[in-house]
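Here the structure comes first, spelled out in structure tokens, and everything after it is commentary.
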Amino acid sequence: MKTIETKNAPAAIGPYSQAKVANGFVYASGQVPLDPATGEVVGTTIEEQTEQIMKNIGAILEAAGVTYENVIKTTCFLAEMADFAAFNAVYDKYFTGKPARSCVAVKQLPKNVLAEVEVIAVVE
């Protein structure tokens, strides 16, 4: 098992890793829209926050030696299901391979952000 750590994505804000690679898969922790340099929330709209989430996911995938095309499953958490369409518009630009996905609304997310996304990717 290998731990993935990159300065190009936010450091963990709790007792967990950015990602782990095991048995040919990358298991990435959920990413929220934090600036890797400052740890501050980026953006106030679902579109702005989702863009930052995707940048953070991309950095973790790159550090693991894979791309968005290697992602086979995502789990998406939204603070408001009313943001579903706007979230999807940004999400679709990155996950062009159409991985399997779950998307749920939750009561609250860390730092009161609007979305969080976690991914599982295959290492080929």
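Coordinate-derived values only; no laboratory data. What you see is a predicted model, and the numbers here were worked out from it, not measured in a lab. Here Cβ is always computed from backbone atoms with ideal geometry, including for glycine, and neighbour counts include all displayed protein chains.
Some observations on this one:
- Of 55/107; 73/93; 73/107, those spanning more than 19 Å from alpha-carbon to alpha-carbon: 55/107; 73/107
- Considering only 30, 43, 14, the Gaussian network model of the chain with Cα springs below 10 Å gives its largest mean-square fluctuation to 14.
- Simple rule: put +1 on each Lys or Arg Cβ and -1 on each Asp or Glu Cβ in the chain, find the dipole, and look at 78, 6, 25; the Cα lying farthest toward the positive end is 25.
- With both labels modelled 7 Å from their Cα along Cα-to-Cβ, the residue 92 to residue 37 distance reads 3.2 nm.
- The GNM of the chain, with springs linking C-alpha atoms under 10 angstrom apart, assigns the highest mean-square fluctuation among 83, 92, 35 to 92.
- Under the convention that each Lys and Arg Cβ holds +1 and each Asp and Glu Cβ holds -1, the size of the dipole of the chain around its Cα centre is about 360 debye.
- Bridge type composition, the chain - antiparallel percent by DSSP, nearest 5: 75
- Sorted peptide list for 22-29, 104-111, criterion being average Cβ within 10 angstrom, highest first: 22-29, 104-111
- Efficiency of FRET from Cβ geometry, residue 72 and residue 105, R₀ 25 Å, rounded to 0.05: 0.60
- Candidate values (i) 182; (ii) 94; (iii) 134, label of the one derived for volume of the Cα convex hull per residue in Å³: (ii)
- At an R0 of 22 angstrom, the distance between the Cβ atoms of residue 44 and residue 12 translates into a FRET efficiency of 0.40.
- Inter-part distance, segment 84-107 to segment 51-81, computed on C-alpha centroids, equals 10 Å.
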